[in-house]
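Below: one structure, written as structure tokens.
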Amino acid sequence: MSSKSVPPVIVIGMHRSGTSMITRMLERLGLFLGKQKDPNDEASFFLKNNRWLLEQCGGAWDHPEAITDLLKTPEVRSLCVDYLRQVLRIRGRLKFLGGRRTLRGQSLMAMTQAWGWKDPRNTFTLPIWLDLFPKARIIHIYRHGCDVARSLKKRECDQLDESRIRHRRRRWLYWLHPKEHGFVRSPRCLSTEKGIRLWDTYMRRARRHVNHLGKRAHSLRYESFLTTPRPELKELADFCDLDVDDTEIRRCVEKVDASRSFAYRSDSGFTISSEAERLLERHDYEF
């Protein structure tokens, strides 16, 4: 193994855009994405700190624009960067690398293997992480806004249905056990139109990063990946400096289902406004 320090690969892109599926494939090919991850394959350490960054300015994943104020305030930004630098040295090693790698002397600031993390919030917190990892490479994965908004709405509606059932059963116990979490993750995303506007917000910010970073950024259209997964995954692997052969690539993509492209078209009752159509066109999609 080379002793040369390897910068991270940071995956950005809107929620429900196929980032989990694709990063899991990269992980199978050798990209280390953390020891402790949530069900969406997001490293718990970076997820927690991305939430913390958004909370500093009253933001959240579904209201991320607020972080602009933090990024444009040098005094606060420098404090956040210094705080995260300290956290990365010890806590980050334990939570992200795990005990075995930590005992071997590995460090997040001097990794010697291909590594990175995935979190849609990276789309807005990226400037902070680039302050810490100025040579980081970026992968932007994006998907049709209608599929994203439709998927988000379904997730929120499913959770709302479950919350109604739990609420009826437990409402008389709230005086003893106050409710810690909301009834849904995002009331905003219960609306298809608002979901598409949120997608547009993520897309505009991500494309700004991609344009700024040039060759250090790689954009991947989800629909293109589903259509031609082998060359797309090979290109991603090369971008991440993963040494893999065609057999490994073929095994990773053998279950890719091309029919998942443009899933909203199978819903005869799915409609959007003319404003939403204009947002789609802004990013080279059509209804």
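The values are calculated or read from the model by the stated rules, or taken from the named source; none is laboratory data. On a predicted model such as this, the values are computed, not experimentally measured, just so you know. So basically every Cβ, Gly included, is an ideal-geometry build from the backbone, and we count neighbours across all protein chains shown. The accessibility values were calculated without ligands, DNA or RNA, using every heavy atom of the protein model including side chains. Shrake-Rupley method; radii C 1.70, N 1.55, O 1.52, S 1.80 Å.
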FRET efficiency, 1/(1 + (r/R0)^6) with R0 45 Å, evaluated for Ser5 and Arg278 via beta carbons: 0.50
Carbon-plus-sulfur fraction of the accessible area of the chain, 1.4 Å probe, in percent? 49 percent
Per residue, how much accessible surface does region 1-126 expose to a 1.4 Å probe? Answer in Å², no decimals. 45 Å²
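Give the accessible surface of region 148-287 per residue, rounded to a whole number of Å², with probe radius 1.4 Å and ligands, DNA and RNA excluded.
Result: 63 Å² per residue.
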Hey, in the GNM for the chain with a 10 angstrom Cα cutoff, which one of Lys35, Lys255, Lys154 fluctuates hardest? Lys255
Lysines with Cα under 25 Å of Lys4, excluding same-chain neighbours fewer than 8 positions away: Lys35, Lys95, Lys118, Lys135, Lys215, Lys234
Please give, to one decimal in nm, the separation of the simple spin-label points placed at Gln113 and Arg230, each 7 Å out from Cα toward the Cβ. 2.8 nm
By per-residue mean of other Cβ atoms within 10 Å, what is the highest-first order of 98-108, 58-68, 120-130? 120-130, 58-68, 98-108
As a test of reading the structure, rank Met14, Met109 by solvent-accessible area (1.4 Å probe, protein chains only), most first. Met109, Met14
In the list [x] 25.4, 76; [y] 19.9, 61; [z] 26.4, 93, the entry giving Rg and Dmax of the Cα atoms in Å computed from the coordinates is [y]
As computed over region 55-141, the Cα convex hull volume per residue (Å³): 109 Å³
Mind pulling up the Rg/Rh value for region 122-279? Radius of gyration and Kirkwood radius, both on Cα. 1.06
Kirkwood hydrodynamic radius, region 129-209, all distinct C-alpha pairs: what's the number in Å? 15.4 Å
Contact order relative to length for region 1-151, counting C-alpha pairs under 8 Å separated by 6 or more residues, stands in percent at 50 percent
